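Structure record follows, encoded as structure tokens.
The values are calculated or read from the model by the stated rules, or taken from the named source; none is laboratory data. Please read these numbers as outputs of a predicted model, since none were measured by experiment. Here the Cβ is made from the backbone with ideal geometry for all residues, glycine too, and neighbour counts use every protein chain on show. The area values use the complete protein model at the heavy-atom level, side chains included, leaving out ligands, DNA and RNA. Shrake-Rupley method; radii C 1.70, N 1.55, O 1.52, S 1.80 Å.
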Amino acid sequence: VFDHECNKTVDVREIGTIIRSLGCCPSEGDLHDMIAEVEEEEPTGFIRLEKFLPMMTRVLTERRYRPIPEDILLRAFEVLDQNKCGHLTKDELVKYMTEEGEPFTQEEMEEMLSAAVDPETNNVRYKDYISMMVVDEN
């Protein structure tokens with residue numbers, strides 16, 4: 001699907017999408033480390049399958065970068081919900097996701113908001129949002 005040239009290579013910019021499509025959720029820092037591990041000594045902008053496959057096989061067999069369980073996500077949102085009302089405002093969510101920890105890019109923030117924000121209330125009912133984004137590992 002990602003080998004557009006049919007030469008057993010993929011664009012390095014698609015590696016994150018490929019890894020996430022395999023059920024892994026690495027941080028941006030982890031993703032950069034993974035790319036560095038499989039990139040050519042003289043970077044070409046492409047990753048060869050023969051270098052990617054052993055690294056990805058190891059990641060999958062070691063069950064690294066697993067998605068965060070639903071209960072932990074819920075607790076994280078509850079910590080941010082200082083009023084304990086079951087939702088965050090759009091502005092609160094943007095502030096937390098762009099100013100704390102590993103900040104979201106503008107594109108990531110827009111994607112999250114389009115899925116998370118109730119257009120009528122401009123709030124994020126985080127229990128509903130969590131149930132939409134949790135990966136079923138069965």
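Structure notes:
- Using θ = phi - 60° in the Karplus curve 6.51 cos²θ - 1.76 cosθ + 1.60, the 3J(HN,Hα) couplings for region 93-108 round to 4, 4, 4, 5, 7, 10, 10, 10, x, 8, x, 6, 6, 4, 5, 5 Hz; x is entered for Gly and Pro.
- Candidate lysines for bridging to K127, where Cα separation is under 20 Å - those fewer than 8 sequence places away on the same chain excluded: K84, K90, K95
- Charging the Cβ of each Asp and Glu at -1 and of each Lys and Arg at +1, and nothing else, the dipole of region 5-134 about its Cα centre rounds to 600 debye.
- Helix 28-38 and the long axis of the chain differ in direction by around 10°, with both axes built from C-alpha atoms.
- Probe 1.4 Å, protein heavy atoms only - accessible area per residue of the chain in square angstrom: 69 Å²
- 0 to 90° range, to nearest 10: angle between helix 70-80 axis and the chain longest Cα axis: 50 degrees
- Straight Cα distances below 19 angstrom link K51 to the aspartates and glutamates D3, E5, D11, E14, D30, D33, E37, E39, E40, E41, E42, E62, with same-chain residues fewer than 8 positions distant left out.
- For the set M55, M132, solvent exposure ranked by accessible area (probe 1.4 Å, protein chains only) runs largest to smallest as M132, M55.
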